[in-house]
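What follows is a single structure, written as structure tokens, with notes after it.
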Amino acid sequence: MWAKNKISQMSFGYKLMLSYCILIMIPVILIGNVANRIYTESIREQTRSIIQGTLHQMKNNIAFKMEDTKRISDMLYFDYYLARVLRHYEEGWSSYDSTKNILVPKFQTAVETANRRMWLSVYLKNDTIPEVYNLYENVNPLDTKARLYDIYQYKRLVDKEWYINFPSDEVYGTTLQWRQIEEDSKYGNISLLRRIIDVGGDKYPYEEIGFMRISVSLKDLFDGVDFQKIGEGTTIYISDPSSHVIVSSGSDGVSEVAALNQLSRNEDDLIIRDSLPGLDMELVAIIPADIVEKDSVKVRNLTLFIGLGCVVIFFFLSVIVSRYFGKRVSKIVKVVDSFQEGEFHKRIYFKGNDEFTKIASALNEMGNNIGRLIREVYLADLQKKEAELESLHAQINPHFLYNTLSSISRLAKFGKLEKLQRMVLDLAKFYRLSLNDGRNVIPVKNELEQAQAYIDIQKIKYESRMQVQYDIAPELVRYETVKLILQPFIENVLEHAWMGDNIYIRISGRVTDEGLEFKIIDNGVGFPPGMIKELTGAQDLTNAGYGCKNVDQRIKLHYGQQYGVTLFSRPGIGTTVRIIIPLVKRQVAEGRSKNT
């Protein structure tokens, strides 16, 4: 609001300069912003492409090691001779010999063939083959110096949860599973689970004759995950479906990576996620925004420098242009201001034949015409307003005179001469005060005396049936009013408000914040519902009596639309007439004239 007021108070030259600067700055800012965004997005896409390529290499490295582990399992899975030994059930020396000379060498060879350290556990359905295993109490099997393979009987396997959840349908050469089971999570290992089937048997699908578990270290499997391959300040980690960090690499360490998974990061950071095939894990790379946008800062600074240079140049141009046009507009405004103040003699002249010259010529001619027309309209308006007031005043006197003459006629008919004489004297007093030497504005004192004269006339007619109370503030006599504003409403009460044999009227006058307030209050029948249309919380005079509307029109015509008459009425309770006029002190000379 403050800025709006300041702008509205600026001169035309400053407004022109400000608008010119804004129109220039907006395209510069928009173009610079768009260029910066395009370049920044290009850098982000290029960075994303490079990092995705690096992550793809890491994935290939992990996949190669997983494939190498699978290759070891293939040596046992597709070994026809091993399958024949395992389906041969013979206790005693034969099973011992098979274990010592066939099974143990095969398992030993499989473990030693691997390119990294691994632990092989084999579960055999052939219960004639003796178990060969080590006891691992709170020790990682991969860290022991003993043999890295164990032979167990099948009964140790059947109740294990991870075996029960292993896929039941065997797809030849394909069905396998990578999982962290038992104490793998504790020691940072992961296991390849796979069946051993009877590849040489005559049953199809092939019968399961054993189960193998090959455990490898996650550190060995993911040793290619290195943040330095992407850049300093970045972080790479592998997480499981529960967002638990398995392996991380970054300058912030594992604890920081774990925190990054739990808390929201800067939305401008570049985060790339990629799933690892064969593992229910995700490879995530986080590149901070300051690394991605370090080159875009240079572009942004260059754009800002160019934009500021353009703004400075255009600012000086706008000053020159605005001063040229501003001087001409200020001259025009001065002439218009003088016209507004009623001084139509001022003139303005410009050299040339442009729009300003034409405006100056039009203003000069308009000044001549307006000065002449204002004088003519002012005189005509005064005459019209005076004629309307005289017309309205003339309309109300015949109405009252007709009612009074009717009453005098009735008194004469019934021979009530004393009352007839008093009514004629009061009528003469009423019209003496009403004429007021032809003036429409009279002192409030005269208006009250005129209303009193009318009430005296009516008391002759209604006698004790009519009760009138006055509550007039003494200071009201210092002011003046349009004449005949009280009598029409008193007459309206006596004509239409009777409810029973008696009527009570209260007349009050006081000075308020709105102006001079008169009230005429009666306890009569009130206006019927719908007779007075409600308007803005008060009452309009659309359907009120003719005399009431006449008073309201005369007040509005003389003082303005904010003054006038308001009616409040409820059927069976009565009516209140409220009259508001401005506080206008009467002139001393006029007051003395009335006293004489």
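Within segment 213-251, which residues are open to solvent by less than 40 Å² (accessible area, probe 1.4 Å), over 30 Å from F166 (Cα atoms) and not β-branched (V, I, T)?
The answer is F227, G231, G233, S249, G250.
With respect to Y462, is the statement that it is out of contact with any Asp or Glu (no Cβ under 9 Å at 6 or more places or on another chain), touching a residue at least 40 places away in the same chain (Cβ under 8 Å), part of a helix (DSSP H, G or I) and open to solvent by 20 Å² or more (accessible area, probe 1.4 Å) true?
On the way: out of contact with any Asp or Glu (no Cβ under 9 Å at 6 or more places or on another chain): yes; touching a residue at least 40 places away in the same chain (Cβ under 8 Å): yes; part of a helix (DSSP H, G or I): yes; open to solvent by 20 Å² or more (accessible area, probe 1.4 Å): yes.
When the stated conditions are applied, Y462 passes them.
Of these, S121, S49, S95, S42, which one is in a helix (DSSP H, G or I), of a type in the set (S, T, N, Q) and open to solvent by less than 50 Å² (accessible area, probe 1.4 Å)?
Being in a helix (DSSP H, G or I), of a type in the set (S, T, N, Q) and open to solvent by less than 50 Å² (accessible area, probe 1.4 Å) holds for just one of S121, S49, S95, S42, which is S95.
Starting from residues that are hydrophobic (A, V, I, L, M, F, W, C) and in a helix (DSSP H, G or I), keep the ones in segment 545-586 and report whichever is farthest from I520 (Cα to Cα). First the steps, then the outcome.
Step one: list which residues in segment 545-586 are hydrophobic (A, V, I, L, M, F, W, C), which gives 548, 551, 555, 557, 565, 567-568, 573, 577, 579-581, 583-584.
The next check asks that each one be in a helix (DSSP H, G or I); those that pass are 548, 551, 555, 557.
On the way: C548: 12, V551: 13, I555: 16, L557: 22 Å.
Only one residue fits best here, namely L557.
Can you find a residue that is outside any helix (DSSP H, G or I), farther than 30 Å from N502 by Cβ, open to solvent by 60 Å² or more (accessible area, probe 1.4 Å) and modelled with pLDDT under 75 anywhere in segment 429-442?
Yes, segment 429-442 contains at least one residue that is outside any helix (DSSP H, G or I), farther than 30 Å from N502 by Cβ, open to solvent by 60 Å² or more (accessible area, probe 1.4 Å) and modelled with pLDDT under 75.
Please go through segment 249-278 and give me each residue that is modelled with pLDDT of 80 or more and either of a type in the set (D, E, K, R) or in contact with a strand residue (DSSP E or B) (Cβ under 8 Å, 6 or more places away or on another chain) (or both), ordered by number. Explain how you work it out, then say what you get.
Within segment 249-278, the first condition is being modelled with pLDDT of 80 or more, and the residues that meet it are 271-277.
Listed by number, the residues that qualify are I271, I272, R273, D274, S275, L276.
With respect to E449, is the statement that it is assigned to a helix (DSSP H, G or I), farther than 23 Å from I579 by Cβ and either outside the structural domain of N502 (by the TED database) or more than 60 Å from the chain's Cα centre (by Cα) (or both) true? Show your work before the answer.
Working: assigned to a helix (DSSP H, G or I): yes; farther than 23 Å from I579 by Cβ: no; either outside the structural domain of N502 (by the TED database) or more than 60 Å from the chain's Cα centre (by Cα) (or both): yes.
No.
Regarding E418, is this residue more than 21 Å from E495 (Cβ to Cβ), among the charged types (D, E, K, R) and modelled with pLDDT under 80?
Yes.
Evaluate the following for G210: is it open to solvent by less than 20 Å² (accessible area, probe 1.4 Å) and either farther than 24 Å from M281 by Cβ or in contact with a Gly (Cβ under 6 Å, 6 or more places away or on another chain) (or both)? Quick ask: steps written out before the conclusion?
Details: open to solvent by less than 20 Å² (accessible area, probe 1.4 Å): yes; either farther than 24 Å from M281 by Cβ or in contact with a Gly (Cβ under 6 Å, 6 or more places away or on another chain) (or both): yes.
When the stated conditions are applied, G210 passes them.
How do the pairs read when you match residues in segment 157-178 that are in contact (Cβ under 8 Å) with a residue 40 or more places away in the chain with residues anywhere that are open to solvent by less than 90 Å² (accessible area, probe 1.4 Å) and assigned to a loop (DSSP other than H, G, I, E, B), using Cβ under 7 Å and keeping only pairs 6 or more apart or on different chains?
Y163/L157; W178/G278; W178/L279
Given the residues E355, E343, which is the only one that is of a type in the set (D, E), surrounded by 11 or more Cβ atoms within 10 Å (Cβ to Cβ) and more than 30 Å from D269 (Cβ to Cβ)?
After ruling out the rest, the residue left standing is E343.
Any idea which residue in segment 56-66 is nearest to T234 (Cα to Cα), counting only those that are of a type outside the set (D, E, K, R) and in contact with a helix residue (DSSP H, G or I) (Cβ under 9 Å, 6 or more places away or on another chain)?
Taking the candidates together, the pick is M58.
Among the numbered conditions (1) in contact with a strand residue (DSSP E or B) (Cβ under 7 Å, 6 or more places away or on another chain); (2) open to solvent by 20 Å² or more (accessible area, probe 1.4 Å); (3) not assigned by the TED database to the domain that holds P130, tell me where D74 comes up short.
(1)
So, E183, is that one open to solvent by 60 Å² or more (accessible area, probe 1.4 Å) and closer than 30 Å to A285 by Cα or not?
Numbers: open to solvent by 60 Å² or more (accessible area, probe 1.4 Å): yes; closer than 30 Å to A285 by Cα: yes.
It is true that E183 is open to solvent by 60 Å² or more (accessible area, probe 1.4 Å) and closer than 30 Å to A285 by Cα.
Among the residues of segment 186-207, write down those that are of a type in the set (S, T, Y) and either without any contact (Cβ under 8 Å) to a residue 12 or more places away in the chain or open to solvent by less than 60 Å² (accessible area, probe 1.4 Å) (or both).
Y187, S191, Y204
Hey, does segment 517-537 have a residue that's more than 12 Å from V577 (Cβ to Cβ), modelled with pLDDT of 90 or more, among the charged types (D, E, K, R) and crowded, with 18+ Cβ neighbours inside 10 Å?
No, that holds for no residue.
Among the listed residues A114, A83, which satisfies the condition of being farther than 20 Å from E208 by Cβ and buried (at least 17 other Cβ atoms within 10 Å of the Cβ)?
None of the other options fit; the residue is A114.
The values are calculated or read from the model by the stated rules, or taken from the named source; none is laboratory data. Values in this document were obtained by computation on a predicted structure and should not be read as measured data. Heads up, the Cβs are rebuilt from the backbone with ideal geometry, glycines too, and the neighbour counts pull from every protein chain shown. Accessible surface areas use protein heavy atoms only, side chains included; no ligands, DNA or RNA. Shrake-Rupley method; radii C 1.70, N 1.55, O 1.52, S 1.80 Å.
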